[in-house]
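Here is the structure we will look at.
The values are calculated or read from the model by the stated rules, or taken from the named source; none is laboratory data. Quantities reported herein were computed from a predicted structural model and do not represent experimental measurements. All Cβ positions, even for glycine, are placed from backbone atoms using ideal geometry, and neighbour counts span all protein chains on display.
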Amino acid sequence: MARVAANQDRAEAERSHYVYLQHARVFSRKGSSVLCEEVTESRVTPSGDASRQDLLTLNGRFLRKHKYVAYTTPLTEKLEKNPGDSDDESLSIEIGDDDRRLVEGLRSNLINARSKDGIGAHLFPLTSRSQSNYVFRWIGRGRAKGRDVFHLEFRPKEKDEYGWKGDAYIDSSAYQPVLVSTGMARKIPFAVRTLLGTNLPGLGFTVVYAPQPDGVWFPVSFGTEFKIHVLFFFSREIVIDAQNRDFEKTHVNSMIVDDSSAPH
């Protein structure tokens, strides 16, 4: 795992030199009814210690009075405008638009977080910064995503910690993660669920990694499906599916020009 951590640290640094596209679909549903759905395309570019996501397209819809209302502008952008700035009825905001806020908030916090990977870096404890807080247990060898892997389980060192537990499948030759799945290490205590009316059953994430032609490993897909119960009356299923693709290493061309001569 020390070798995996060193490789992850190195890969994190190398990922900061890449530009890529992220396609994401996030939706909330209650029973069989989709209440809000957003499909986005974003360009991810290096920016200091993290990456910047520029939203290229957004196709959204939410259910209002048994009919779907389409929108193409983020809710946060609309909130920054004054009422009456747009005549587009699909951009109107009402108190009942909770699902739109929920979907956009989860998209922003889980796949638009400050990370070089396009996903929340804190969700998968394989870097040297995170490994110190976890214990790993050898399960055996196997196959995952067409590769020979080591299978390990992990959980927080502190039994009372509300961190992640899960499974990591590590490439047996590259010592890079191929597949990592997580779940909550502990359930929300019954007293908290009772007093606050909040529960997150089934919360967990899955990420798949793959190497690029130059050998840099990148997360290529990220997904989750879980339920939210809040204040005893708000209940939703959340589904997130994100795909990273079209990786391109950034480059800079420079030329020194003598002031006394015209540039060629």
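Return the only residue of LEU21, LEU35 being more than 20 Å from GLN243 (Cβ to Cβ), touching a Ser or Thr at 6+ places or on another chain (Cβ under 9 Å) and hydrophobic (A, V, I, L, M, F, W, C).
Working: LEU21 fails: more than 20 Å from GLN243 (Cβ to Cβ).
So the residue among LEU21, LEU35 that is more than 20 Å from GLN243 (Cβ to Cβ), touching a Ser or Thr at 6+ places or on another chain (Cβ under 9 Å) and hydrophobic (A, V, I, L, M, F, W, C) is LEU35.
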Scan the range 1-34 residue by residue and report those that are under 25 Å from ALA174 (Cα atoms) and among the aromatic types (Phe, Trp, Tyr).
TYR18, TYR20
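Inspect all residues belonging to the range 48-57 and state whether any of them is at positive phi and at pLDDT below 85.
Going residue by residue through the range 48-57, those that are at positive phi are 48.
From the residues that got through so far, the ones that are at pLDDT below 85 too are 48.
Yes, the range 48-57 has at least one match.
State all residues of the range 125-171 that are β-branched (Val, Ile, Thr) and buried (at least 17 other Cβ atoms within 10 Å of the Cβ); if no residue qualifies, say none.
Taking the range 125-171 as the starting set, the residues that turn out to be β-branched (Val, Ile, Thr) are 127, 135, 139, 149, 170.
Of everything in the range 125-171, those that are β-branched (Val, Ile, Thr) and buried (at least 17 other Cβ atoms within 10 Å of the Cβ) turn out to be THR127, VAL149, ILE170.
How about the range 140-175: which of its residues are in a loop (DSSP other than H, G, I, E, B) and at pLDDT 90 or above?
First pass over the range 140-175, keeping only residues in a loop (DSSP other than H, G, I, E, B): 145-146, 157-163, 172-175.
Of everything in the range 140-175, those that are in a loop (DSSP other than H, G, I, E, B) and at pLDDT 90 or above turn out to be LYS145, GLY146, SER172, SER173, ALA174, TYR175.
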